[in-house]
Amino acid sequence: MKACVYEGNPEVRLRELPTPELKDIVASKKYGDEKLLLNKKDLVLLKVEVASICGTDLHILMKEHGSSPPVILGHEYIGRVIDTGEDVAHIKKDDCVAVDPNIKCGYCDYCRKGLFNMCVNLTTLGIFVDGGFAEFNLAPAKQLYRLPSDLPVERAVLFEAVSCVMHGLTKVKPMAGENVLVFGAGPIGCYFTALCKLNGALNVTVVEPHSFRANFVKSLGARPVSNILDLKKEQFNIVVDASGDPEIVPHAFQSARPGGRVLLFGQQNVNAKVSINPTLVNQKELQVYGSYATATSFEDTLRVLTDSRFPCESLITHRVALDDIVQAFDVMKAGNAIKVLISPS
């Protein structure tokens, strides 16, 4: 099969690899050097229907996010079930499924408290284990969600990313009539913009220097500004960092009104350091939240993806074949796309 492999270099390569079979997988964990066994009895062989490039994929290439090369990238994807392990009961052959790529153990202290995204044994498809930028993929059955028969795969492929944004929104809880500031108009910033508007936000302002993306958020009902200085002294109920730029963080605190909520969603560079004025947090009584992946937002996400008011189709700006994935990464790096879909077939 064809597959897009990250080998530790600042680019991806298209390779010809054997089609995976139902067999045990020894997976690298996100934390520490121990391995996690994924038993073949619990695995599912998927034919990848469609996948999409995530900003995290770019952070991996820049070595700002951990991974386990050589590995097939792609953690946002939809698959059709080809075969199942003998202990798989809740899905069957020919089901179309969405994938939660973050594999949790289920038994550590965090999992038992329902904090699944904090699992100490976490591993991730498409980052530490082979993912969806390929014609076929093996995934644990517990990570799969059967899709409604009337949900197009081009909407469903946003499942993982939108579920992460939904998880972040549970922290800041946007309400009708509030003003929201979003840093970054990449895919995540656009999801936050659209969902805050659906939740009744009075105004959403998006800071985005790139003209293509700044113009795009206008179609979502947002006000784009190209520079943080353009905001002057405006302040907002909610400030969301979806940019991934560490230098944004101090501005996020400055832009929040007293009693405001700040969500640091986009930061992925494990080596980043920033200087902040803690007095701003103190005297404004800001509520500052982190948000990592998602824990329990999956069913709510499926409801959003079936809501015609959520503009899935307009967010997809490029569709390419797996053969052209290297060029697709270049388009994403240049900021000339919102969501790029990859078709392996």
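The values are calculated or read from the model by the stated rules, or taken from the named source; none is laboratory data. Predicted model, so just to flag it, every value in this text is computed and none were measured. A quick note on method: Cβ atoms are made from the backbone with ideal geometry, for glycine too, and the neighbour counts reach across all protein chains shown. Areas reflect the complete protein model, heavy atoms only, side chains present, ligands, DNA and RNA absent. Shrake-Rupley method; radii C 1.70, N 1.55, O 1.52, S 1.80 Å.
Kindly indicate whether Val320 is of a type in the set (A, V, I, L, M, F, W, C), open to solvent by 20 Å² or more (accessible area, probe 1.4 Å) and outside any helix (DSSP H, G or I).
yes
Looking at the range 5-37, which of the residues that are open to solvent by 50 Å² or more (accessible area, probe 1.4 Å) and among the polar types (S, T, N, Q) is farthest from Met62 (Cα to Cα)?
Thr19
Looking at this structure, is Leu181 in contact with a helix residue (DSSP H, G or I) (Cβ under 8 Å, 6 or more places away or on another chain), buried (at least 21 other Cβ atoms within 10 Å of the Cβ) and over 24 Å from Asn102 (Cβ atoms)?
Yes.
Please give the strands (runs of 3 or more DSSP E) falling wholly within the range 178-265 in which 3 or more residues are farther than 18 Å from Val304 by Cβ, modelled with pLDDT of 95 or more and of a type in the set (A, V, I, L, M, F, W, C).
Those strands (runs of 3 or more DSSP E) span 236-241, 256-264.
Could you list, in sequence order, all residues of the range 83-99 that are surrounded by fewer than 16 Cβ atoms within 10 Å (Cβ to Cβ) and in a strand (DSSP E or B)?
Asp83
Being aliphatic (A, V, I, L, M), out of contact with any strand residue (DSSP E or B) (no Cβ under 9 Å at 6 or more places or on another chain) and at negative phi is true for just one of Ala321, Ala256, Ala272. Which residue is that?
Ala272
Restricted to the range 251-268, and to residues that are more than 14 Å from Glu178 (Cβ to Cβ) and open to solvent by less than 40 Å² (accessible area, probe 1.4 Å), which residue is farthest from the chain's Cα centre (by Cα)?
Taking the candidates together, the pick is Phe253.
I'd like the full set of residues that are surrounded by fewer than 23 Cβ atoms within 10 Å (Cβ to Cβ) and in a loop (DSSP other than H, G, I, E, B), limited to the range 129-146.
Glu135
For Ala328, indicate whether it is in contact with an Asp or Glu (Cβ under 8 Å, 6 or more places away or on another chain), touching a residue at least 40 places away in the same chain (Cβ under 8 Å) and either crowded, with 21+ Cβ neighbours inside 10 Å or not hydroxyl-bearing (Ser, Thr, Tyr) (or both).
no
Can you tell me which residues in the range 303-345 are among the hydrophobic types (A, V, I, L, M, F, W, C) and within 15 Å of the chain's Cα centre (by Cα)?
Selection gives Leu305, Cys312, Leu315, Ile316, Met332, Ile338, Val340, Leu341.
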